[in-house]
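J.: Can you read through this structure? Questions will come right after.
The values are calculated or read from the model by the stated rules, or taken from the named source; none is laboratory data. Quick caveat: nothing in here was measured; it's all calculated off a predicted structure. Glycine gets a Cβ as well: all are built from the backbone with ideal geometry, and neighbour counts include every protein chain shown. Accessible surface areas use protein heavy atoms only, side chains included; no ligands, DNA or RNA. Shrake-Rupley method; radii C 1.70, N 1.55, O 1.52, S 1.80 Å.
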Amino acid sequence: VDQSFELAKNWYQLAAEQGHVRAQFNLGVLYNNGQGVEQDYLEAIRWYSLSAAQGFSRAQFNLGQMYEEGRGVKQDYRESLKWYQIAAAQGYLQAQNNLGRLYAEGRGVPQDYVRAYMWFKMAASRGVVTAQRNLLESAKMMIPSQIIEAQRMARDCEMRDYKDCDDHGLFARP
């Protein structure tokens, strides 16, 4: 069977309009990439948002990227952070890496290498190569006691299944 993005769009549209979470996500991808449709970031955001509202972590992650890069929306690191946090809490590894990057760069949050290391550590330990590199780079900006603290935070977060790991009150630090 020949690949047809136009045909895929038609089928996804039918399912997405009935609330199918993956079809909504896939329709967002088609609009985001201009596959089988004219590229339309606003339409991509619309479909990602519907899928994300149903808890689909890949859609939540993609929304985070759209806000981080300002595609179809005004660039908004705080909104990006929010969507990455929601996806990361479901164990979405690339969202964990991107959260670490936002903390390391101080985008949408105060720069915090300890929290960045924590997120990089969790994604890196599950094989995300970019997170492994980011982990090494962030460690260069830290003293040993900060690394130990970040490792503890990562362990605690993993023990809670990634829930409430980015609550600033959770990890009280001086």
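J.: What are the pairs, 6+ residues apart or on separate chains, where a residue within the range 142-160 that is part of a helix (DSSP H, G or I) has its Cβ under 6 Å from a residue that is open to solvent by 40 Å² or more (accessible area, probe 1.4 Å)?
T.: So the pair list comes out as A154/K121.
J.: Another one. Would you check if A95 is open to solvent by 20 Å² or more (accessible area, probe 1.4 Å) and either at pLDDT 95 or above or touching a helix residue (DSSP H, G or I) at 6+ places or on another chain (Cβ under 9 Å) (or both)?
T.: For A95, the condition - open to solvent by 20 Å² or more (accessible area, probe 1.4 Å) and either at pLDDT 95 or above or touching a helix residue (DSSP H, G or I) at 6+ places or on another chain (Cβ under 9 Å) (or both) - is not met.
J.: Restricting attention to the range 12-40, report how many residues are surrounded by fewer than 17 Cβ atoms within 10 Å (Cβ to Cβ) and either touching a residue at least 40 places away in the same chain (Cβ under 8 Å) or more than 20 Å from R58 (Cα to Cα) (or both).
T.: 2
J.: Hey, does the range 28-46 have a residue that's of a type in the set (A, V, I, L, M) and part of a loop (DSSP other than H, G, I, E, B)?
T.: For the range 28-46, residues of a type in the set (A, V, I, L, M) and part of a loop (DSSP other than H, G, I, E, B): present.
J.: For L102, indicate whether it is buried (at least 18 other Cβ atoms within 10 Å of the Cβ), farther than 26 Å from R22 by Cβ and in contact with a Phe, Trp or Tyr (Cβ under 9 Å, 6 or more places away or on another chain).
T.: Here the answer is yes, as L102 does meet what is asked.
J.: Examine the range 138-158 for a residue that is under 30 Å from Y41 (Cα atoms) and open to solvent by less than 30 Å² (accessible area, probe 1.4 Å), and state whether such a residue exists.
T.: No, the range 138-158 contains no residue that is under 30 Å from Y41 (Cα atoms) and open to solvent by less than 30 Å² (accessible area, probe 1.4 Å).
J.: While we're looking at this one, here's another question. Applying the selection to the range 63-89, what residues are over 10 Å from the mean Cα position of the chain (by Cα) and part of a loop (DSSP other than H, G, I, E, B)?
T.: Of everything in the range 63-89, those that are over 10 Å from the mean Cα position of the chain (by Cα) and part of a loop (DSSP other than H, G, I, E, B) turn out to be G70, R71, G72, V73, K74, Q75, D76.
J.: When you go through (1) open to solvent by 10 Å² or more (accessible area, probe 1.4 Å); (2) among the polar types (S, T, N, Q); (3) closer than 15 Å to R58 by Cβ one by one for N134, which number turns out not to apply?
T.: If we test N134 against (1) open to solvent by 10 Å² or more (accessible area, probe 1.4 Å); (2) among the polar types (S, T, N, Q); (3) closer than 15 Å to R58 by Cβ, just (3) comes out false.
J.: Looking at the range 111-130, is at least one residue small (G, A, S) and open to solvent by 30 Å² or more (accessible area, probe 1.4 Å)?
T.: Taking every residue of the range 111-130 in turn, at least one turns out to be small (G, A, S) and open to solvent by 30 Å² or more (accessible area, probe 1.4 Å).
J.: Could you grab the pairs with beta carbons closer than 6 Å, sequence gap of 6+ or different chains, first residue in the range 64-86 and in contact (Cβ under 8 Å) with a residue 40 or more places away in the chain, second one of a type outside the set (K, R) and open to solvent by less than 50 Å² (accessible area, probe 1.4 Å)?
T.: Listed pairs, sorted by first residue: Q85/D166.
J.: Right, something else. Go through the residues of the range 64-82 one by one and say whether even a single one is touching a Leu at 6+ places or on another chain (Cβ under 6 Å), under 19 Å from Y162 (Cα atoms) and open to solvent by 30 Å² or more (accessible area, probe 1.4 Å).
T.: The answer is no; no qualifying residue exists.
J.: Determine, yes or no, whether E6 is open to solvent by 90 Å² or more (accessible area, probe 1.4 Å) and assigned to a loop (DSSP other than H, G, I, E, B).
T.: Here the answer is no, as E6 does not meet what is asked.
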